[in-house]
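The values are calculated or read from the model by the stated rules, or taken from the named source; none is laboratory data. Fair warning: this is a prediction, and the values are worked out from it, not measured in the lab. Cβ coordinates were reconstructed from backbone atoms using ideal geometry, including for glycine residues, and neighbour counts include every protein chain displayed. Areas reflect the complete protein model, heavy atoms only, side chains present, ligands, DNA and RNA absent. Shrake-Rupley method; radii C 1.70, N 1.55, O 1.52, S 1.80 Å.
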Amino acid sequence: MHGNEAAAEGAIAAGCRFYAGYPITPSTEIAEILSGRLPEVGGVFIQMEDEIASMAAIIGASLGGLKSATATSGPGFSLMQENLGFAVASEIPCVVINVQRVGPSTGLPTKAAQGDVMQARWGTHGDHPIIVLVPSSVQEAYVLTVRAFNLAEKFRTPVIVLMDAIVAQLKEKVELPDTPQVVNRPLPAESPEAYKPFAFTEGGVAPLAPFGREYRYHVTGLLHDEHGFPTEDAEVVSRWWRHMTSKIDAHLDEILQWEEALLDDAEIALVAYGGTARAAAHAVTLARAQGTRAGLFKPLTIWPFPEKAMRELAGRVERIIVPEMNLGQIRLEVERLAGGRAAVEGVNRADGLAITPEQILAAIMKVSRLAA
Amino acid sequence: MSYDRRFATTWQLLLDSICTLMGLDANREPPIVLSSLPDLPYQRSGREGAAPLSFIQGPPGRNIALAIGLRAAKPNTPLVLIMSADSITLGTNHLIHAARRNIGMTLLLLRAEVTAAAAVDSMDRAGWDMPAYQRELETASRPLEWASALGASFVARADLEDPDQLAHLLHRAIDTPGFSVIGVTAGAQLQMGVLSENAWPEYFDAYREWTKPLLRLAVAGSQARAAPARSPTHVVPRFEVRIAGLGGHGVKLAGTVLSEAAGFHEGLWATQRGDYGSATRGGPSVVDVVMSSDPITYPAADHPDALIVLSQGAANRFAKDLKPGARVIIDPAEVSSLPAGAIAVPITALAREHTGKPIAAGIVSLGCVAALTDAVSLESLSRSMAAHVPRAIAEKNRAACAAGYAATRAAITGGVHV
Amino acid sequence: MKLQNSFILREYLRPQAFPTTWCPGCGLGIVMSSIAQAVHFRGLDKNNVAMVSGIGCTGRMSGYADFNTLHTTHGRAPAFATGLKMARPDMSVIVVMGDGDSMSIGGNHLVHAMRRNIGLTAVVVNNAVYGLTGGQSSPTTPVGGRTSTAASGSFERPMNLETLARAAGAAFYARATVNQTAALTRLIERAMGVSGFALVEVVSNCHVLYGRMNELGDASQMMKSMEEQTRRVNPVLLRRAAAPLRLTSAGSPATPVSTATAQGVHQDPRVPRGVIFERHGSRDYSSRYYAMLEQKARARA
């Protein structure tokens, strides 16, 4: 199974029953597979006129009560930013899978990159909470896609699965759970009169009633009160902000996921995610074989970033190396959190080629000589 | 944002029409209204909480696309979109495609098609001070004609000053399956009433009809999908294979057959990654397969244990990155300058001999790989092939694979190095 | 003719950028050489010709043609070209797009370029499929056509670009096929002489994806079937069809589109090729704009 296929099957397993998309390399297989799989399970596949429309359609379907997703790559992800912001502001659960390729613009369409890390965080305008998951294997592409739907439903937010072309096109053996744990959307417990579709609960969200039942309400991209009606009242808006940030911040333990390998006695930590984490894991083995104490920290949730764990890590190790297929986007975050306690260096390339274990090993050896 | 008084009246009229419609038939599902217009009449009516209708205030122009998703989820709920100039600016593409696909929704276009240069008009309303010459230069947008040209189910124009007509047309539009547009104007010298009708199935009705057979297939095939997992039968340290040739050598298929043989039939962990050329265009094609009884970290064969070279280009590119003790197999017919220590196996010739086609070169290569490692056996390769090679030519491919195996064994034991 | 062609091609193409990414037998090469010949026969200075393209197999054409060339983002070529034409109204601006590029993601820009009647020569190469991404449905995939996103055949109604162009207000619309090269060249040449938005739809073949998925044979077989599936338009019927569909003028009868097209076609199921319509007295938006500027300058003086 390859990564795109795993993401498509993960979506089906998570209960996705609506997909709207537009062909774009290297994510197209997801659409192709779902065009066959969704009708099999009674779901709807539609190839829209562009990515702007795809993003809008999945919001509409989600409001209609269907779990919805779209998949795209860099240029399409740029087009989706407008309506992605709408989904954030109106708290509509949906999943966007972005298979990164080299940008900017048309870039290198078939080549792998990790250049959309910051766009996934800040691509749509204005401050906003967002959840971004990064799989580094085909297995994780499946598991994290299921998780993306679960988090989207639970926190009523768009969730981005940020793949790279390495994982998307990689074919490998996976062991899938028979029935993954799936979060389904609860119906409101209160009467339609008492229902507040956008209730400001500290650290929680109101259940989202599907349109077309007796729960009639208003959905808008304007900043709104708990009933969904637009407001310019600064007091209400600041309460809205508290709600929006706390629904994520209060659940970091649940949202954040990372994996550590051989960090207990490590002097040098690698922080790597996505396809690059595979080369980093191999580099750790190679370094250990040469007697250098290296370890790996691999975030699976990249936004929000595992800040606490990273601060702790910076206190434990002497040096941190961040290999990534961009010019150092997550390195900025790691540097900020390390706060000078551990020296941070990057191994970067954005030329379409994967970072190899040897490149990372060379960086490890360089800093280990410096340390000695 | 200040708002034209006339629109408040329009809103009231439209919602009155919709409510009248609901009143006509108690069983009718209330419509969902979508609009980006900022005016919200029910706020004015002082009702906190429940709105008289479900209402989505989507981004300008995008409401049409949003409604498509909603239509997929709610096949029976009438969707009414109230749009202004956003239908002929940001929303044009969504409008023409919804009309072409004939997606079940009703668009009420306010003023969008009335002024001679509505695009300019929309800018005016957005607060731009457009000079008069722009109005002369710009040609009018005609969304009703566009929708009609693409075969929308129902296209009509209603006069705001005739609420009965509006309610009547709205009624008809909502009852028409498919895409309906009503231009809502006031006092313009334009033809009113039904402008065009076109019989074509509603998109999602057609979708459900079209996909019915697929749904049944899925029920029948659901048991067949589950395959038992096998644990490794033997310990295999990480073994990297790279097969490199040109598009048309069947390199991708070879990678698939090899990785699945290792993964499904030998119970190993296996990865496959490649950069494939197309058969028509030639061009380099390469696949990396990594097999191991332990989970695989780095999924590429940068330093292969076994390298199969099917073209001179591949030899130039890859022969230098070998693991110490690696085996290189080359096809002497394709590679003129042979790397030292390479084993010559006439791969494409064997492919032609056994299958008649050079595309079986990849399959012959797998026989060579099986001769170099005990990670995969000919038996598991042949079982893996069964899933990917048409039955009619399966036997020929098995023979080709075995020939690659035999030739490689002979070359190794006979010490035929070049 | 052959000798002359090769001379023209050397003059107007960029051999250093070859080979192209196109599959052998693809109609795009024919379209490109027809454009080069059309530019040559119109006697244009290639320094004063621009080619703007979008994304897709067709989008790559701007890399191979030796004009001022601009390879833009997906679907947005008409919008880039509008900017260029307004800045350089004297320049001949050719926009080359595929069916997905022009009609799907770029539908909005195409409609508004036609409405505005900006002086562009748009060549839409229609092969009914997304080639570069591997054979997905496009807006012109026929009902029943199998693609990688519609494995059991498409059920969507295809886009009718002809009626849309008419309704949107394009100045000129012609249809050609890649198997009739001389006619293709002539139609592009003629389109380049139009003041306003001129569109040439070129029916082309993707035998590698669409052809294979639908068992339509190789390039030559697909081209042969273009011969069978199209017919030259009758100039008499053409004049009748020249009156565009008018829903906006007071008192005009309601005309369903199906009837409007049926008037010209009768029972013939073959798709017409040749000049489908031409609006007389059309004037390019950019020239009208600059005329307005001159008028204002005169008024000030």
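Numerical summary
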| quantity | calculated |
| --- | --- |
| Test result for B:Asp288, open to solvent by 20 Å² or more (accessible area, probe 1.4 Å) and under 30 Å from A:Ala283 (Cα atoms) | no |
| Selection within segment A:200-218 - part of a loop (DSSP other than H, G, I, E, B) and within 12 Å of chain B (Cβ to nearest Cβ) | A:Ala209, A:Pro210, A:Phe211, A:Gly212, A:Arg213, A:Glu214, A:Tyr215, A:Arg216, A:Tyr217 |
| Of residues in segment C:15-44 being assigned to a loop (DSSP other than H, G, I, E, B) and in contact with a strand residue (DSSP E or B) (Cβ under 9 Å, 6 or more places away or on another chain), the one farthest from C:Val203 (Cα to Cα) | C:Leu44 |
| Some residue of segment C:13-26 being on the phi < 0 side of the Ramachandran plot, within 17 Å of the chain's Cα centre (by Cα) and not charged (D, E, K, R) | yes |
| Positions within segment B:289-329 being in a strand (DSSP E or B), touching a Pro at 6+ places or on another chain (Cβ under 7 Å) and either over 17 Å from B:Lys252 (Cβ atoms) or touching a residue at least 60 places away in the same chain (Cβ under 8 Å) (or both), in sequence order | B:Ser292, B:Val328 |
| Residues of segment B:189-212 satisfying the condition of being within 14 Å of chain A (Cβ to nearest Cβ) and either touching a Cys at 6+ places or on another chain (Cβ under 6 Å) or among the polar types (S, T, N, Q) (or both) | B:Thr211 |
| Options A:Glu324, A:Glu335, A:Glu312: the member that is outside the structural domain of A:Gly107 (by TED's automatic domain parsing) and farther than 30 Å from A:Gly74 by Cα | A:Glu312 |
| Residue identified as out of contact with any strand residue (DSSP E or B) (no Cβ under 6 Å at 6 or more places or on another chain), small (Gly, Ala, Ser) and over 18 Å from B:Ser259 (Cβ atoms) among B:Ala394, B:Ala386 | B:Ala394 |
| Residue within segment A:173-185 that is without any contact (Cβ under 8 Å) to a residue 60 or more places away in the chain and more than 30 Å from A:Ser137 (Cα to Cα) present | no |
| Selected residue (criterion: nearest to the other protein chains (Cβ to nearest Cβ)) from residues of segment A:228-248 that are surrounded by 19 or more Cβ atoms within 10 Å (Cβ to Cβ) and at pLDDT below 90 | A:Phe229 |
| Tally of residues being more than 18 Å from B:Val290 (Cα to Cα) and open to solvent by 10 Å² or more (accessible area, probe 1.4 Å) across segment B:343-388 | 18 |
| Tally of residues being facing another protein chain (nearest Cβ under 9 Å), part of a loop (DSSP other than H, G, I, E, B) and open to solvent by 40 Å² or more (accessible area, probe 1.4 Å) across segment C:143-189 | 4 |
| Residue selected from segment B:291-325 under the condition of a type in the set (Val, Ile, Thr) and under 34 Å from the mean Cα position of the chain (by Cα), by the criterion most open to solvent (accessible area, probe 1.4 Å) | B:Thr297 |
| Unique residue being within 24 Å of the chain's Cα centre (by Cα) and modelled with pLDDT under 95 when the list is A:Leu300, A:Leu353, A:Leu296, A:Leu332 | A:Leu353 |
| Residues located in segment A:150-181, provided they are in a loop (DSSP other than H, G, I, E, B) and out of contact with any strand residue (DSSP E or B) (no Cβ under 9 Å at 6 or more places or on another chain) | A:Arg156, A:Val174, A:Glu175, A:Leu176, A:Pro177, A:Asp178, A:Thr179, A:Pro180, A:Gln181 |
| Enumerated strands (runs of 3 or more DSSP E) restricted to segment A:260-327, each holding at least 2 residues that are more than 14 Å from every other protein chain (Cβ to nearest Cβ) and among the charged types (D, E, K, R) | A:319-324 |
| Residue in segment B:257-269 that is at the interface with chain A (Cβ under 9 Å from one of its Cβ atoms), touching a helix residue (DSSP H, G or I) at 6+ places or on another chain (Cβ under 9 Å) and either modelled with pLDDT under 80 or not in a helix (DSSP H, G or I) (or both) present | yes |
| Tally, over segment B:68-108, of residues that are assigned to a loop (DSSP other than H, G, I, E, B), more than 7 Å from every other protein chain (Cβ to nearest Cβ) and more than 23 Å from C:Leu110 (Cβ to Cβ) | 4 |
| Test: residue in segment A:324-331 that is out of contact with any helix residue (DSSP H, G or I) (no Cβ under 8 Å at 6 or more places or on another chain), surrounded by fewer than 21 Cβ atoms within 10 Å (Cβ to Cβ), touching a residue at least 12 places away in the same chain (Cβ under 8 Å) and not aromatic (Phe, Trp, Tyr) | yes |
